[in-house]
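The values are calculated or read from the model by the stated rules, or taken from the named source; none is laboratory data. The structure displayed is predicted, hence computed values, not measured ones. Here the Cβ is made from the backbone with ideal geometry for all residues, glycine too, and neighbour counts use every protein chain on show. Please note that ligands, DNA and RNA were not included when accessible areas were found on the heavy atoms of the full protein model with its side chains. Shrake-Rupley method; radii C 1.70, N 1.55, O 1.52, S 1.80 Å.
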Amino acid sequence: MSINAADTAWLLVSSALVMLMTPGVALFYGGMVRRKNVLSTIMMSFAVLGLVGLLWVLYGYSLSFGPDKGGIIGGLDFIGLRTVGQEPSSVYATTVPHLAFMAFQGMFAIITVALVTGAVVERMKFSAFIVFSTLWLTIVYCPVAHWVWGSGGWLAKLGTLDFAGGIVVHILAGVSALALASLVGPRKGFREKEPMEPNNIPMVLLGAGLLWFGWFGFNAGSALTSGGLASSAFVATNTSAAAGAFTWMILSWIYRRPTVLGTATGAIAGLAAITPAAGFVSPLMGIPIGIVAAVICYYCMLLRTRRGIDESLDVWAVHGMGGTWGVLATGIFASVAVNAAGANGLIFGNAMQLAKQLLGVAVVWVFAFAVTWVLGKIVDVTMGLRVNATEETVGLDISQHGERAYGGMLR
Amino acid sequence: MKKIEAIIREEKLDAVRAALQNSGYYGITVSEVSGHGREGGLILQWRVGEYKVDFLPKLKVELVVLDEDVARTLNAITSAARTGEMGDGKIFVLPVENAVRVRTGEEGDNAI
């Protein structure tokens, strides 16, 4: 295949858009924690740009997208980008340079690791986080990316659909977040119901805005071409984000007042849910997908809070459950009229597709929880996952990074 | 000389400042403080549900007045800062040993 300039331009722009989502996550999470932990929270995401940005070109891309080994993992042929060059790949995104596809996928790996951090902010040791993230990318992310998107991956062959990462990004991050939070344990004062007041809600909104903006690259870019399918995914994405934001706003209004924090959260829930579906469903399906996502995520967050689990920034409730709903919704609303490479869903008479989606969800839930738990446990017994009590009280900005977010002569 | 420390509602600052000016005092120091009296804390909303903040934002107005002006000043602040609801604040009066005007070196009542 020859290189198509429009497709290449769109995929490179999309890669840059997805890159911007990671600082977006940093600000989204950073605004929600207490004043003394702003920088450590932001740093967890930003450090991933450095860490995974390296690991991906060294071996991550090869494990995920290298020539298939038994449907489970990619081979080592692309180690250090060997043979990944300016010519298109013969199997992935065949109208753009292989390097562009590799870069686009790398941004997904980065943001997925960054998403997990929301579970353990304000208490996880930074050194342990770096080690855990390296292990997690290698042993959890790369195999699952191969199963779902790799040529020859077993879920891909089975026909489980995941357009832009409902399984690979959101379920994986959300369920792993739950496992890691259960190992790290709650923040000091969480059980005593000490107020954990967000330090900067405008920063949360800025982060949510960058995420929403970047998500166009994430979802519409996943068309891997710049034509009609990208446009369809783009509109579906915006519609679901709008439906999610509006629905959460109403839910919080019914409860008491329409909050900024809730509306921003609803947008992210809608975006997470439309991710696997964006290029398989007609754009208007963004409405039911976004509305139901907000309702599910809202009540899962309530459930999580009532169970006394300190999965601090609700990665599971928003990304895990939003992603789960989205993957199942793909099995309900998908249509070959939108994307011939997809399938028909339940409402178009193909109940089997929903079963395939359900299988993908179940397998990845179990795999993500179990393997993350084991990896976390290994890091815990060897180097410890948590900072000590004094470091936690002082705050991780000073104890882990020797900086503080808000300077000034006093305070 | 007496020092007057008044903890007031944030939204009452303009009214208090105007009342103090009308009673002849122009120099005040204002700071943002947090605390609670009998009214307790403040309920705010999280992404779902609520949480309680124990300390409410208030302003502390400080000024030093001549002994004979204390009653008049207290009256000015009280009537300007009052809403009648819980949380209107409190005023404390403290003795002051001396005062110095930095520019001229004047001391005592002359420095106020």
By residue number, the members of region A:298-318 that are away from chain B (no Cβ under 12 Å), assigned to a helix (DSSP H, G or I) and open to solvent by less than 10 Å² (accessible area, probe 1.4 Å) are A:Val315
Where a residue in region B:58-74 is acidic (Asp, Glu) and its partner, wherever it lies, is open to solvent by less than 50 Å² (accessible area, probe 1.4 Å), with Cβ under 6 Å and at least six apart:
B:Glu62/B:Glu5
Look at region A:191-212 and say how many of its residues are assigned to a helix (DSSP H, G or I), more than 19 Å from the chain's Cα centre (by Cα) and more than 12 Å from every other protein chain (Cβ to nearest Cβ).
2
Scanning region A:376-405 for residues that are in contact with a strand residue (DSSP E or B) (Cβ under 9 Å, 6 or more places away or on another chain), open to solvent by less than 40 Å² (accessible area, probe 1.4 Å) and in a helix (DSSP H, G or I) gives A:Glu392, A:Leu396
Members of region B:69-112 that are at positive phi and open to solvent by 50 Å² or more (accessible area, probe 1.4 Å)
B:Gly84
Criterion first (over 19 Å from A:Ala145 (Cβ atoms) and within 24 Å of the chain's Cα centre (by Cα)) does A:Ala329 satisfy it?
yes
Every listed condition ((1) within 22 Å of A:Gly174 (Cα to Cα); (2) among the small types (Gly, Ala, Ser); (3) over 15 Å from the mean Cα position of the chain (by Cα); (4) open to solvent by 10 Å² or more (accessible area, probe 1.4 Å)) holds for A:Ala294 save (4)
Output for region A:114-138, where each listed residue is among the β-branched types (Val, Ile, Thr) and touching a Ser or Thr at 6+ places or on another chain (Cβ under 9 Å):
A:Val116, A:Thr117, A:Val120, A:Val121, A:Val131
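Yes/no matrix, rows are residues, columns are (1) in contact with a Leu (Cβ under 7 Å, 6 or more places away or on another chain); (2) touching a residue at least 24 places away in the same chain (Cβ under 8 Å):
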| residue | (1), (2) |
| --- | --- |
| A:Ala156 | no, no |
| A:Gly159 | no, yes |
| A:Val168 | no, yes |
| A:Ala181 | no, yes |
| A:Arg187 | no, yes |
| A:Lys193 | no, no |
| A:Gly207 | yes, yes |
| A:Gly221 | yes, yes |
| A:Leu229 | no, yes |
May I ask you to say which residue of A:Arg256, A:Arg191 is touching a strand residue (DSSP E or B) at 6+ places or on another chain (Cβ under 8 Å) and either surrounded by fewer than 23 Cβ atoms within 10 Å (Cβ to Cβ) or modelled with pLDDT under 95 (or both)?
A:Arg256
Are there strands (runs of 3 or more DSSP E) fully within region B:17-63 with at least 2 residues that are of a type in the set (D, E, K, R) and either open to solvent by less than 70 Å² (accessible area, probe 1.4 Å) or within 13 Å of another protein chain (Cβ to nearest Cβ) (or both)? List them.
B:50-53
